[in-house]
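Peer 1: Have a look at this one before I ask anything.
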Amino acid sequence: MAGSLTIDKRRIALLGATGSIGSSALDVIARHPERFEVAALSAHSRVDELLELCARFRPETAVVADEEKYGALRDGLAARGLATRALAGADALDEIAGDERSDTVLAAIVGAAGVSSTLAAARAGKRLLLANKESVVLAGAVLMRTAAEHGARILPIDSEHNAIYQCLPADGSRGGVRRLLLTASGGPFRGRSRASLADITPDQACAHPNWVMGRKISVDSATLMNKGLEVIEAHHLFGLAPECIEVVVHPQSVIHSLVDYVDGSVLAQLGNPDMRTALAYGLAWPERIDSGVAPLDLTALARFDFAAPDLQAFPCLALAYEALRTGGTAPAILNAANEVAVAAFLAGQLPFLGISALIESTLAAMSPEPADDLAVLIACDGQARRQATELLGRMVRQ
Ligand code: NDP
Ligand code: MG
């Protein structure tokens, strides 16, 4: 028709659609029906939430990772009269990440459970909106190599990495970059001594001052392991050495991170703490679209504070730097032990201070090996989980 303009819609597969990142992404997508359509949605086991999203966004495919929930998904879709096809299991996650029904994949599963589908998206040469930081910690080198070989564009969604991506040269060069400065809110226990953290409950640890997030990353933020995982993530995404990646505590969470150049220029990205900004950036790149996030009001903020992280009170950050410097399978061991420790803390089996203790003892009990092969890294992940679970049993019995 004369005068009309049609643009190809981005077809998006959302892995981890029922989570905090998934729902923020769907909020942005819903604001731009002319640009985006939902090709696939996945959840782990929360079928009712997944069915609600299917009714609203009408994807071609819905996946529940827990195979026992397949019947509930299939029957729920039929009962609602939806044409969405139901799939279940880990292989189905790889399928929706890699198949031709989508051109863009949001990797927003929590934990190393997301590594296989994240890699499947990279192998398929998709636009990869990467929130699942644990897969980068586990297999960062493999992921970056796979993305480069298959022409996948990785757009970091973690707010710090999204900020750095926006502040680095667009041509991918790193000339003149002196340091990356990752900001950290300091979490809910900023300023507290280690001794005062002994009786922290899961609900206290999950009450983050600035961000509303899933429970695992909320605990990671409270221990500062989240920042440790992010240092490793930044190393892989941006190719800088550990000594060129620094952490600065910034309680307001408005400066999302900074790049320090050799001429003394420091570029930063600022915004209200709301993940929809990073998600809108990734979805529309290289364009800019409305995300629903309120404009930043600097006068209402009035001040920015900065401090060095307290590694005595929060040893997880130091453990992560050490694992990155050791290299090989050490970050995989760190990540697996952290996942076991956080799950035990959330289940009321391990005290808050036991999280770093369990990670440290798991790292001490295993010998890191050189590894740039996915099979070796996945085997190490499994071995580290068994080791951490055994050490956890001993700690709990004491
Ligand atoms: P949530 O816990 O809110 O959501 C996790 C999602 O993953 C849910 O859809 C869940 O399904 C699904 N899931 C959980 N376990 C599995 C599994 N074993 N197999 C398949 N799917 C699974 O997490 P968040 O949204 O907070 O975080 C997601 C990722 O993004 C994490 O890696 C986190 O570190 C990262 N991130 C999050 C930020 C945030 O603001 N939340 C900020 C920066 C990074 P179900 O609902 O059925 O359980
Ligand atoms: Mg972050």
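Peer 1: For Ala107, state whether it is within 16 Å of ligand 2 (Cβ to nearest atom) and within 23 Å of Glu134 (Cβ to Cβ).
Peer 2: Taking the combined requirement at face value, the residue satisfies it.
Peer 1: Moving on. Counting only residues that are crowded, with 19+ Cβ neighbours inside 10 Å and more than 10 Å from ligand 1 (Cβ to nearest atom), which one in the stretch 209-229 is nearest to Phe189 (Cα to Cα)?
Peer 2: Ala222
Peer 1: Identify all residues within the stretch 181-208 that are closer than 22 Å to Gly348 by Cβ, hydrophobic (A, V, I, L, M, F, W, C) and open to solvent by less than 20 Å² (accessible area, probe 1.4 Å); write none if there are none.
Peer 2: Scanning the stretch 181-208 gives Phe189, Leu197, Ile200, Ala205.
Peer 1: Would you mind telling me which numbered condition in (1) within 16 Å of ligand 2 (Cβ to nearest atom); (2) in contact with a helix residue (DSSP H, G or I) (Cβ under 6 Å, 6 or more places away or on another chain); (3) of a type outside the set (Val, Ile, Thr) Ala88 fails?
Peer 2: Of the numbered conditions (1) within 16 Å of ligand 2 (Cβ to nearest atom); (2) in contact with a helix residue (DSSP H, G or I) (Cβ under 6 Å, 6 or more places away or on another chain); (3) of a type outside the set (Val, Ile, Thr), the odd one out for Ala88 is (1).
Peer 1: With respect to Arg325, is the statement that it is farther than 22 Å from Val219 by Cα, at pLDDT below 95 and among the charged types (D, E, K, R) true?
Peer 2: No.
Peer 1: Which of the residues belonging to the stretch 337-366 are hydroxyl-bearing (Ser, Thr, Tyr) and either buried (at least 20 other Cβ atoms within 10 Å of the Cβ) or part of a loop (DSSP other than H, G, I, E, B) (or both)?
Peer 2: Within the stretch 337-366, Ser356, Thr362 qualify.
Peer 1: Which of the strands (runs of 3 or more DSSP E) found entirely inside the stretch 126-218 contain at least 3 residues meeting this: within 13 Å of ligand 2 (Cβ to nearest atom) and under 18 Å from the mean Cα position of the chain (by Cα)?
Peer 2: Qualifying strands (runs of 3 or more DSSP E): 177-184.
Peer 1: Next question. Checking Gly264 against (1) surrounded by fewer than 17 Cβ atoms within 10 Å (Cβ to Cβ); (2) at negative phi; (3) not hydroxyl-bearing (Ser, Thr, Tyr), which single condition isn't satisfied?
Peer 2: (2)
Peer 1: Still on this structure, I have one more. Return yes when Ala121 is over 30 Å from Ala357 (Cβ atoms), away from ligand 2 (no atom under 13 Å from the Cβ) and either in the same structural domain as Gly19 (by TED's automatic domain parsing) or crowded, with 23+ Cβ neighbours inside 10 Å (or both) and no when it is not.
Peer 2: Spelling it out, Ala121 is indeed over 30 Å from Ala357 (Cβ atoms), away from ligand 2 (no atom under 13 Å from the Cβ) and either in the same structural domain as Gly19 (by TED's automatic domain parsing) or crowded, with 23+ Cβ neighbours inside 10 Å (or both).
Peer 1: If you don't mind, there's one more thing I want to ask. Among residues belonging to the stretch 367-383 that are closer than 17 Å to Leu119 by Cβ and of a type in the set (Gly, Ala, Ser), point out the one that is surrounded by the most Cβ atoms within 10 Å (Cβ to Cβ).
Peer 2: Restricting to residues being closer than 17 Å to Leu119 by Cβ and of a type in the set (Gly, Ala, Ser), the top hit is Ala371.
Peer 1: Out of curiosity, is Leu26 modelled with pLDDT of 95 or more, assigned to a helix (DSSP H, G or I), of a type in the set (A, V, I, L, M, F, W, C) and under 19 Å from Leu129 (Cα atoms)?
Peer 2: Judged against the criteria, Leu26 is a match.
Peer 1: Considering the stretch 275-315 alone, what residues qualify as being farther than 20 Å from His250 by Cα, among the small types (Gly, Ala, Ser) and either part of a loop (DSSP other than H, G, I, E, B) or open to solvent by 40 Å² or more (accessible area, probe 1.4 Å) (or both)?
Peer 2: Ser291, Gly292, Ala294
Peer 1: Here's a follow-up. Starting from the stretch 155-168, take each residue that is free of Cβ contacts under 8 Å to residues at least 40 places away in the same chain and more than 9 Å from ligand 1 (Cβ to nearest atom) and list its partners that are open to solvent by less than 10 Å² (accessible area, probe 1.4 Å) and part of a loop (DSSP other than H, G, I, E, B), counting only C-beta distances under 7 angstrom and pairs at least six apart or across chains.
Peer 2: Close Cβ pairs satisfying both conditions: none exist.
Peer 1: Checking Glu246 against (1) within 16 Å of ligand 1 (Cβ to nearest atom); (2) within 17 Å of Asp158 (Cα to Cα); (3) open to solvent by 50 Å² or more (accessible area, probe 1.4 Å), only one condition comes out false. Which one?
Peer 2: Evaluating Glu246 over (1) within 16 Å of ligand 1 (Cβ to nearest atom); (2) within 17 Å of Asp158 (Cα to Cα); (3) open to solvent by 50 Å² or more (accessible area, probe 1.4 Å) leaves (1) as the failure.
Peer 1: Is it the case that the stretch 317-331 has a residue that's out of contact with any helix residue (DSSP H, G or I) (no Cβ under 6 Å at 6 or more places or on another chain) and assigned to a loop (DSSP other than H, G, I, E, B)?
Peer 2: Within the stretch 317-331, one or more residues are out of contact with any helix residue (DSSP H, G or I) (no Cβ under 6 Å at 6 or more places or on another chain) and assigned to a loop (DSSP other than H, G, I, E, B).
Peer 1: For the structure I just gave you, tell me whether Arg35 is more than 16 Å from ligand 1 (Cβ to nearest atom) and touching a Phe, Trp or Tyr at 6+ places or on another chain (Cβ under 8 Å).
Peer 2: no
Peer 1: Within the stretch 132-145, which residues are open to solvent by 20 Å² or more (accessible area, probe 1.4 Å) and either closer than 21 Å to Glu339 by Cα or touching a Leu at 6+ places or on another chain (Cβ under 7 Å) (or both)?
Peer 2: Answer for the stretch 132-145, where residues must be open to solvent by 20 Å² or more (accessible area, probe 1.4 Å) and either closer than 21 Å to Glu339 by Cα or touching a Leu at 6+ places or on another chain (Cβ under 7 Å) (or both): just Ala141.
Peer 1: Among the listed residues Val142, Val136, Val177, which satisfies the condition of being within 15 Å of ligand 1 (Cβ to nearest atom) and at pLDDT 95 or above?
Peer 2: Answer to the check: Val136.
The values are calculated or read from the model by the stated rules, or taken from the named source; none is laboratory data. Only a predicted model underlies this, so the values are computations on that prediction, with no experimental measurement involved. Cβ atoms come from the backbone with ideal geometry, glycine included; neighbour counts cover every protein chain shown. We work out accessible area using only protein heavy atoms, side chains counted, and drop any ligands, DNA or RNA first. Shrake-Rupley method; radii C 1.70, N 1.55, O 1.52, S 1.80 Å.
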